[in-house]
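Written below as structure tokens is the structure these notes are about.
The values are calculated or read from the model by the stated rules, or taken from the named source; none is laboratory data. Just so it is clear, the model here is predicted, and its values are computed rather than measured. Don't worry about glycine lacking a Cβ; one is built from the backbone with ideal geometry, like all the others, and counts go over all protein chains shown. We work out accessible area using only protein heavy atoms, side chains counted, and drop any ligands, DNA or RNA first. Shrake-Rupley method; radii C 1.70, N 1.55, O 1.52, S 1.80 Å.
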Amino acid sequence: MLIFNKHFEQWLSDPSRIENGYQYESTQAAMMSNVEQEVLQLSVVVFLRART
């Protein structure tokens, strides 16, 4: 949840998301991609630490 909140706050403060209605969806998709990437990276770190 902290990861999502961090990226959501960054997205809310991104002026490009409200400049143009067409930008709204693409900026939201980019935010969710960043969330997904960070969760995946964290999952790999946790997995590798659990193996050692």
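Brief remarks on what is shown
- When every residue of the range 2-15 is checked against the conditions, none turns out to be in contact (Cβ under 8 Å) with a residue 24 or more places away in the chain, of a type in the set (A, V, I, L, M) and in contact with a Lys or Arg (Cβ under 9 Å, 6 or more places away or on another chain).
- Restricting the range 1-44 to residues that are polar (S, T, N, Q) and not in a helix (DSSP H, G or I), the residue that is least open to solvent (accessible area, probe 1.4 Å): ASN20
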